[in-house]
Amino acid sequence: MARTHLIHHKVSKIGKYLLIFITSLVLIVWGLETPAGILGKLDAVGYAVCHRIDVRSFHIGIRQLPLCARCSGQYVGAMIGLLFQAVYSRRRSGFPPRRVFVILGILGLAYFVDGLNSYLYLPPFLELFPNLPHLYIPTNTLRLLTGSGMGIVISVILYPALTGSIYANPDIHPVMGGIKPLLCLTGLCVIADLLVLTGSSYILYPAALISAVGVIVLLSFAYTIVILRIFKKENTYDRFVQISLPLLAGFMITMLQTGLVDLIRYIMTGTWSGFMFG
């Protein structure tokens, strides 16, 4: 029995170091093959998930942000949502009640409608269907606001899924138990959006960083949940810090995905810039 335990311990230790080695290797290769500088690396993250159309993005001077206005709002909103719930809900793992889901549904619908309307304003569609009716003229302000709304939706679904997969004795109360905390979260996101709309570089630089990091965080958390379930490790931890290895594995998969999409897109387009139409 002791020998079996020792072998299991050694295998686990080898697996740990192997995971660290592969993750380091992925990061080194990705770092060497992506544009130079911090903003260049943030651009590479955005490049993997966003069209990065210039006129549909905010700028610091002439420098385009890593993600378009809608994706910037979405990932900044999601990061604010995760942080808010970590402070407000802590270990709660219950999904919101129906009345909260109704509001989340409205935010999701607004995201879909504005996204579709904006999509139909792309030059290829305007050329093919010049007389196609549109609901309204899309703007980056609306893209930012509706993106933030979807970020709230993502965070309110992801957070209980994560806590409900980690802790051995999770608090089954809803993370967003009523309208009041949801309104507080929405208010925080609106304030963040208004700050972004000032166009100040002191705001846009942090927004660029938070949005790009948000891509990595959300994907890493999502993959971590999958890994915990695949290896039947869900609900076996007492503290968040104990999931460091599953989280590292989720991060590694995220960076592999990011690098692969970057590579495929660069091969197809030959440029790190966004799509060349607005």
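The values are calculated or read from the model by the stated rules, or taken from the named source; none is laboratory data. Source: prediction; values computed, not measured. Here the Cβ is made from the backbone with ideal geometry for all residues, glycine too, and neighbour counts use every protein chain on show.
Go through (1) touching a Phe, Trp or Tyr at 6+ places or on another chain (Cβ under 7 Å); (2) without any contact (Cβ under 8 Å) to a residue 60 or more places away in the chain; (3) not aromatic (Phe, Trp, Tyr) one by one and return the number of the condition residue 67 breaks. With (1) touching a Phe, Trp or Tyr at 6+ places or on another chain (Cβ under 7 Å); (2) without any contact (Cβ under 8 Å) to a residue 60 or more places away in the chain; (3) not aromatic (Phe, Trp, Tyr) applied to residue 67, the lone miss is (2).
Looking only at segment 238-278, count every residue that is β-branched (Val, Ile, Thr), under 26 Å from residue 163 (Cβ atoms) and within 19 Å of the chain's Cα centre (by Cα) and tell me the total. Walk me through it before giving the result.
Pass one, segment 238-278, residues β-branched (Val, Ile, Thr): 241, 243, 253-254, 258, 261, 264, 267, 269, 271.
Subsequent filtering for residues that are under 26 Å from residue 163 (Cβ atoms) retains 241, 243, 253-254, 258.
After this cut, where a residue has to be within 19 Å of the chain's Cα centre (by Cα) as well, the list is 253-254, 258.
Final tally of qualifying residues: 3.
Would you confirm whether any residue within segment 118-129 is in a helix (DSSP H, G or I), surrounded by 14 or more Cβ atoms within 10 Å (Cβ to Cβ) and at pLDDT 95 or above? Looking through segment 118-129, none of the residues is in a helix (DSSP H, G or I), surrounded by 14 or more Cβ atoms within 10 Å (Cβ to Cβ) and at pLDDT 95 or above.
In this structure, residue 178 does not satisfy being exposed (fewer than 13 other Cβ atoms within 10 Å of the Cβ) and on the phi > 0 side of the Ramachandran plot. Scanning segment 36-50 for residues that are at pLDDT 95 or above and assigned to a loop (DSSP other than H, G, I, E, B) yields 48, 49, 50.
Hey, does segment 134-149 have a residue that's surrounded by 15 or more Cβ atoms within 10 Å (Cβ to Cβ) and modelled with pLDDT under 90? Among the residues of segment 134-149, not one is surrounded by 15 or more Cβ atoms within 10 Å (Cβ to Cβ) and modelled with pLDDT under 90, which makes the answer no. Closer than 26 Å to residue 227 by Cβ, small (Gly, Ala, Ser) and modelled with pLDDT of 95 or more: is that true of residue 200 in this structure? No, not satisfied. From the list 156, 190, 175, 215, the lone residue that is within 21 Å of residue 143 (Cβ to Cβ) and in contact with a Pro (Cβ under 7 Å, 6 or more places away or on another chain) is 156. What about residue 179, is it of a type in the set (Val, Ile, Thr) and within 16 Å of the chain's Cα centre (by Cα)? Spelling it out, it is not the case that residue 179 is of a type in the set (Val, Ile, Thr) and within 16 Å of the chain's Cα centre (by Cα).
Taking the condition surrounded by fewer than 15 Cβ atoms within 10 Å (Cβ to Cβ), of a type in the set (Phe, Trp, Tyr) and either under 19 Å from the mean Cα position of the chain (by Cα) or not in a helix (DSSP H, G or I) (or both), does residue 159 pass? No: the conditions fail for residue 159.
Among residues of segment 244-263 that are crowded, with 19+ Cβ neighbours inside 10 Å, those with a Cβ under 9 angstrom from a residue that is of a type in the set (Lys, Arg) and modelled with pLDDT under 95, sequence gap 6+ or separate chain, pair up as 246/233.
Checking each residue in segment 107-163 for being under 30 Å from residue 173 (Cα atoms), of a type in the set (A, V, I, L, M) and touching a residue at least 12 places away in the same chain (Cβ under 8 Å) picks out 107, 110, 145, 150, 152, 153, 154, 156, 157, 158, 161, 162. Taken over segment 227-263, residues that are polar (S, T, N, Q) and at pLDDT 95 or above amount to 3. Residues that are surrounded by fewer than 17 Cβ atoms within 10 Å (Cβ to Cβ), of a type in the set (D, E, K, R) and not in a helix (DSSP H, G or I) within segment 51-82 comprise just one, 63. Among the conditions (1) within 25 Å of residue 55 (Cα to Cα); (2) outside any loop (DSSP other than H, G, I, E, B), the only one that residue 85 does not satisfy is (1).
Restricted to segment 224-243, and to residues there that are touching a Ser or Thr at 6+ places or on another chain (Cβ under 6 Å) and assigned to a helix (DSSP H, G or I), the residue that is surrounded by the fewest Cβ atoms within 10 Å (Cβ to Cβ) is 225.
The number of residues in segment 70-103 being over 14 Å from residue 162 (Cβ atoms) and free of Cβ contacts under 8 Å to residues at least 60 places away in the same chain comes to 4.
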